[in-house]
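Trainee: Pasting a structure below so you can have a look.
The values are calculated or read from the model by the stated rules, or taken from the named source; none is laboratory data. Please read these numbers as outputs of a predicted model, since none were measured by experiment. Glycine gets a Cβ as well: all are built from the backbone with ideal geometry, and neighbour counts include every protein chain shown.
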Amino acid sequence: MSAIELGQPASGDTATEDSLRAAPEGPRTGTAAVPTLPAGTTLTKKDFSSDQEVRWCPGCGDYAILAAIQGFLPELGLKRENIVFVSGIGCSSRFPYYLDTYGMHSIHGRAPAIATGLAATREDLSVWVVTGDGDALSIGGNHLIHALRRNVNLKILLFNNEIYGLTKGQYSPTSRVGQVTKSSPLGSLDKPFNPVSLALGAEASFVARTMDSDRAHLTAVLRAAAQHRGSALVEIYQNCPIFNDGVFDVLKDRTQAEARILQLTDGEQVAAGEQVVVRDDQGVMTVVPRSEADPGRIVVHDVSAEDPSAAFALSRLDSPDLAHVPMGIFRNVSRTTYDDALREQIASARTGEITDADIDALLAGRDTWQVSEATRA
Ligand SMILES: Cc1ncc(C[n+]2csc(CCOP(=O)(O)OP(=O)(O)O)c2C)c(N)n1
Ligand code: SF4
Ligand SMILES: [Mg+2]
């Protein structure tokens, strides 16, 4: 795959949001407040590898993702003690054990909530979430969409293997219709979530898709996500050779991939081999042979478009048989983050408008109750 071009994020702030912005001079990067290593000091992949025995099955796609992340983290130039990986529950969620950073193997589906607390209170941390399709989209669906909606400065890596791996192969919210698993012996009836569409629907400011086996592409997406200030949702197609082997094979086979992967490169036409994406007057996008396309209707990707409609339309080009799959960064726009706004609000509350006496009055005020034995009965 070709390298990913990053667009300049557009500003989506209203006047009110502008007043809450912590850095009025312009968009800041995702790691702007995170301490960097002393000049002349660099870390290596080895520095980010822990001494824990890796317990994934042989051939699991998680190994490739781990290697890519361990290889990428040194380039951030941050102190290891200022990097945190929070996970939920699942095979993918074992990730924090294997990285030599701070980390928490937390509660099923709740990693975004825990990470939100960290990001809100510790601007000096680079906060990452690792989650699976089950963890993020079943039990954790609620937490995921609210983290994205709030635009908390978190990088959420969603390992999508379209199956519950850890619990030995039940269908998940991304399993395909008709998929036979241990919990759907006659075929899954559920229409799967498209994680990219879901994230865009939740107004995520950064949304991307990449693949475990394409290290260069994965690293480029991680780089852009780390730079982004706000929530970043990165869907990573990941092979589970034990319970759902080969579901993305057609995208990994070079002879087939070129005609199937719609490359998303900012400022360039969206195309896969000899096919291009065109948009009609209603904004609906379709894939057609280049020879049949009206040149004026060929879609040129605009990663920083304020309106998410085009990114959403691109996400709808996914086909269940993987005939067409857009890959890369769908959206990268700048808007006020929840954590920056919260810090600003707390700082302004401390300027004297609200005093300790006000807090005391609130605590001792009339809106409190005493529960007596008589009331309990
Ligand atoms: C409250 C609760 N419900 C259910 C489970 C069982 N459980 C553990 S991991 C998991 C799903 C994991 O799937 P996914 O997030 O896709 O991760 P993978 O193992 O595929 O990486 C489930 C249902 C649990 N541990 N706790
Ligand atoms: S069950 Fe699947 S996802 Fe889990 S470690 Fe094994 S190969 Fe990986
Ligand atoms: Mg899974």
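Trainee: Just to verify a result, which residue in the stretch 331-349, among those that are in contact with a helix residue (DSSP H, G or I) (Cβ under 6 Å, 6 or more places away or on another chain) and assigned to a helix (DSSP H, G or I), is surrounded by the fewest Cβ atoms within 10 Å (Cβ to Cβ)?
Mentor: E344
Trainee: Are any residues in the stretch 193-215 under 19 Å from D249 (Cα atoms) and part of a loop (DSSP other than H, G, I, E, B), and if so, which ones?
Mentor: Residues satisfying the conditions are N194, D212, S213, D214.
Trainee: Answer yes or no: is there a residue in the stretch 8-27 that is in a loop (DSSP other than H, G, I, E, B), exposed (fewer than 15 other Cβ atoms within 10 Å of the Cβ), at pLDDT below 95 and of a type in the set (S, T, N, Q).
Mentor: Yes: the stretch 8-27 contains one or more residues that are in a loop (DSSP other than H, G, I, E, B), exposed (fewer than 15 other Cβ atoms within 10 Å of the Cβ), at pLDDT below 95 and of a type in the set (S, T, N, Q).
Trainee: So, one more: Any idea which of (1) within 15 Å of ligand 2 (Cβ to nearest atom); (2) under 30 Å from A310 (Cα atoms); (3) of a type outside the set (S, T, Y); (4) within 15 Å of the chain's Cα centre (by Cα) is the one G88 doesn't satisfy?
Mentor: That leaves (2) as the condition not met.
Trainee: Applying the selection to the stretch 122-179, what residues are surrounded by fewer than 23 Cβ atoms within 10 Å (Cβ to Cβ) and within 16 Å of ligand 2 (Cβ to nearest atom)?
Mentor: The answer is L137, S138, L166, T167, K168, G169, Q170, P173, Q179.
Results for (1) in contact with a strand residue (DSSP E or B) (Cβ under 8 Å, 6 or more places away or on another chain); (2) closer than 29 Å to L118 by Cα; (3) assigned to a helix (DSSP H, G or I); (4) acidic (D, E), shown as yes or no for each residue.
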site	(1), (2), (3), (4)
G267	yes, no, no, no
G296	no, no, yes, no
S304	yes, yes, no, no
D307	no, no, no, yes
F312	no, no, yes, no
D321	no, no, no, yes
I329	yes, yes, no, no
D358	no, yes, yes, yes
A361	no, no, yes, no
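Trainee: Limited to the stretch 60-101, what total is found for residues that are out of contact with any helix residue (DSSP H, G or I) (no Cβ under 9 Å at 6 or more places or on another chain) and either aromatic (F, W, Y) or within 16 Å of ligand 1 (Cβ to nearest atom) (or both)?
Mentor: Of the residues in that region, 5 qualify.
Trainee: Also, quick follow-up: Name the residue that is farthest from V127 (Cα to Cα), counting only residues in the stretch 45-57 that are within 16 Å of ligand 2 (Cβ to nearest atom) and touching a residue at least 12 places away in the same chain (Cβ under 8 Å).
Mentor: Ranking the qualifying residues of the stretch 45-57, first place goes to C57.
Trainee: Let me ask something additional. Can you tell me which residue in the stretch 251-265 is modelled with the lowest pLDDT, limited to those that are outside any helix (DSSP H, G or I) and closer than 19 Å to S315 by Cβ?
Mentor: Q263
Trainee: Could you list all residues from the stretch 238-258 that are without any contact (Cβ under 8 Å) to a residue 60 or more places away in the chain and either of a type in the set (V, I, T) or within 15 Å of ligand 1 (Cβ to nearest atom) (or both)?
Mentor: The answer is D245, T255.
Trainee: Mind counting the residues in the stretch 51-90 that are within 21 Å of L118 (Cα to Cα) and touching a Pro at 6+ places or on another chain (Cβ under 6 Å)?
Mentor: 4
Trainee: Look through the stretch 91-121, keep the residues that are among the aliphatic types (A, V, I, L, M) and closer than 25 Å to Q345 by Cα, and return whichever of them is surrounded by the most Cβ atoms within 10 Å (Cβ to Cβ).
Mentor: Going through the qualifying residues, I end up with A111.
Trainee: When you look at L218, is it at pLDDT 95 or above, part of a helix (DSSP H, G or I), buried (at least 24 other Cβ atoms within 10 Å of the Cβ) and out of contact with any strand residue (DSSP E or B) (no Cβ under 6 Å at 6 or more places or on another chain), yes or no?
Mentor: Criteria not met by L218.
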